[in-house]
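Read-outs throughout are calculated quantities, based only on the coordinates presented, and are distinct from any laboratory measurement. This is a predicted model, so every value here is computed, not measured. Glycine gets a Cβ as well: all are built from the backbone with ideal geometry, and neighbour counts include every protein chain shown.
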Amino acid sequence: MKKLINQVELEQYAAGELSDEYLNLVEKATEALSGSYSPYSNFAVGAAVLTEEGTIIKGANQENAAYPSGLCAERTALFYTSTQYPTKKIKAIAVVVQKPIGRFPFPCGSCLQVMSEFQEKQNEKIDVLLVHPNTSEVLLSKGLDNLLPHAFKKSHLSP
Ligand SMILES: [Zn+2]
């Protein structure tokens, strides 16, 4: 037996240490919270996608009485971005939650998988910013490999 260890590299910023561009992105993700429809979980999530040209697209989680019909904030924003701006590259995505959960709001595996494929498709890393709801500190992952190191990829579909 041998242990295989992955190094994860994340950067943590105080709110005041962020660039104006990313500070604005976090503000837009926070604004997106008002669009959350989460009567079942009462767990509002907001996201904002920044394209390379500076366009910002907001998304919020959308729940449904038929639970699997809902969608996370991150994918709501990403799929809208891909639909409206199919040729634009994504520079970053910010994620915020409303509840003071006492930790950074890591995206679910499905959202990480989608981010990973968008990153692979555009052949450029996507910065992921996770905002701590209690402290407003921001955890920044430069690219998806730190958050989903073994993503399932298009190339895995063929031998
Ligand atoms: Zn998700």
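A compact table of results
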{"read-out": "All positions within the stretch 44-81 that are among the small types (G, A, S) and either crowded, with 19+ Cβ neighbours inside 10 Å or within 13 Å of the ligand (Cβ to nearest atom) (or both)", "value": "A44, G46, A47, A48, G59, A60, G70, A73, A77"}
{"read-out": "First in the stretch 67-92 and free of Cβ contacts under 8 Å to residues at least 60 places away in the same chain and within 19 Å of L33 (Cα to Cα), second anywhere and of a type in the set (D, E) and more than 10 Å from the ligand (Cβ to nearest atom), Cβ under 7 Å, 6 or more apart", "value": "G70/E63"}
{"read-out": "Qualifying residues in the stretch 87-131 (those that are assigned to a helix (DSSP H, G or I), in contact with a Leu (Cβ under 7 Å, 6 or more places away or on another chain) and of a type outside the set (A, V, I, L, M)) - the one nearest to the ligand (Cβ to nearest atom)", "value": "Q113"}
{"read-out": "Selection count where residues are over 15 Å from the mean Cα position of the chain (by Cα) and surrounded by 19 or more Cβ atoms within 10 Å (Cβ to Cβ), scope the stretch 7-35", "value": "1"}
{"read-out": "Positions within the stretch 132-159 being part of a loop (DSSP other than H, G, I, E, B) and of a type in the set (K, R), in sequence order", "value": "K153"}
